1. Less than 15 Å Cβ to Cβ from Phe42, Lys/Arg counted +1 and Asp/Glu -1: what total charge do the surrounding residues give?
2. What is the calculated FRET efficiency for Ser94 to Thr273, with r their C-beta to C-beta distance and R₀ = 41 Å, to the nearest 0.05?
3. Around Pro68, with a cut-off of 9 angstrom between Cβ atoms, what is the net charge of the other residues, counting Lys and Arg +1 and Asp and Glu -1?
4. List every residue whose amide H lies under 5 Å from the amide H of Glu165, counting only residues 5 or more places away in sequence or on a different chain, with H placed 1.01 Å from N in the peptide plane.
5. Once you have the Cα-Cα distance between Ser300 and Asn18, take 0.36 nm times their residue separation minus that, and quote the gain in nm to one decimal.
6. How big is the charge dipole of the chain about its Cα centre, in debye rounded to the nearest 20, if each Lys and Arg gets +1 on its Cβ and each Asp and Glu gets -1 on its Cβ?
7. Taking amide hydrogens as modeled 1.01 Å from N in the peptide plane, which residues meet the under 5 Å criterion relative to Glu277, leaving out close sequence neighbours?
8. Based on C-alpha coordinates, I'd like the Rg and Dmax of segment 74-126, in Å.
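The values are calculated or read from the model by the stated rules, or taken from the named source; none is laboratory data. Given the structure is predicted, the values throughout are model-derived calculations rather than measurements. Neighbour counts are summed over all protein chains in view; Cβ atoms, including those assigned to glycine, are modelled from backbone coordinates with ideal geometry. Note: accessible area is taken over every heavy atom of the protein model, side chains too, but ligands, DNA and RNA are not part of it. Shrake-Rupley method; radii C 1.70, N 1.55, O 1.52, S 1.80 Å.
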Amino acid sequence: MKFKLEYIWLDGYEPVPNLRSKTKIVDFETEPTLDQLPLWNFDGSSTRQADGSSSDCFLQPVALFPDPARNRGHLVMCEVLLPDGTPHPSNSRSAIPDDPDAWFGFEQEYFLYKDGSPLGFPKEGFPAPQGEYYTGVGFKNVGDIARKIVDEHIDLCIEAGIAIEGVNAEVAKGQWEFQIFGKGAKRAADELWIARYLMLRLCERYGVDVNFHPKPLGVDVDWNGSGLHTNFSTKHMREIGGEEYFTALMGAFADARAKHIACYGPENDLRLTGLHETAAIHEFTYGVADRGASIRIPHSFVNSGHRGYLEDRRPNSMADPYRITGRILQTIESVAAQALIEDAFAA
């Protein structure tokens, strides 16, 4: 029985990788499993991942999803390897720490564009100011094509086995958001990349582009940018937590501010201005229910004895979720490492 395997990977473009994919037709007696999928090569000289004189790179399958748009199809998330089997320098997934008990929830904001402008914008100038678009209803607020695309994307994600948890129209005209949940730094990021892939592929049918730039309308106008707010928790945060641990955690995040910003997407200075529900890029702040802080603390977190999840509002919509989840885990792990050092000195 022939199966259509869509091998998907991140290319070598900087500062933001693009999604690439190609289809492999393979015979299997039954539905294939991840460990049955073969390694496959591609021309790295066409994706900024190799020179033409030695152009072969290899795709190592790392996650498998049903392809909702094809009969006997599967979506195959891959890591890029060098010919010797080691990770390619562009392979951000291979380098990050992982923890199956770490949970991540991504809030992916984006704009839908048609003919160079957000959907619903007039040919010249701007539509009515922000106000009614967020969670808006009605043609004047959300149009017709956008709603159809968003609803179809929900169905595609569900059929692919991706944990999509919600969608909504966002603050700016033509701006939307979907939310993805995952357990484990790598698996959660895999699911977001596949959800992005499904949205891009869906929009091909409508002649619509997905614009993930964090500030596509520029900084000189009063329109919101796009973020990738990242909710996170570990087993320790959920089950033990406590105010003392929380304070130490926020201290570690403050100390690592620059390292986080470096992983949170390019051109974030255009978005993290302290306006439009953002923190200033050169500051680290946190507050209960504060959408203008670097870290938003849910009321439920405080009410549960400083246990639960936190939201990092600094990542932008173009950011690589592998780098985000890896950096967050590194900072969390530094708190545990520091505690061990202090305990050793105390003994």
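1. Working: positive: Arg20, Lys22, Lys24, Arg48; negative: Glu6, Asp11, Asp43, Asp51, Asp56, Glu79.
Value of the local net charge: -2.
2. Working: r = 34 Å, r/R0 = 0.83.
Approximately 0.75, to the nearest 0.05.
3. Numbers: positive: Arg70; negative: Asp67, Asp155, Glu159.
With Lys, Arg at +1 and Asp, Glu at -1, the neighbours total -2.
4. Gln179, Ile180, Phe181
5. Full extension of this stretch gives 97.8 nm more.
6. Values: 34 positive and 50 negative charges, 113 e Å.
Dipole magnitude for the chain comes out near 540 debye.
7. none
8. 19.4, 54
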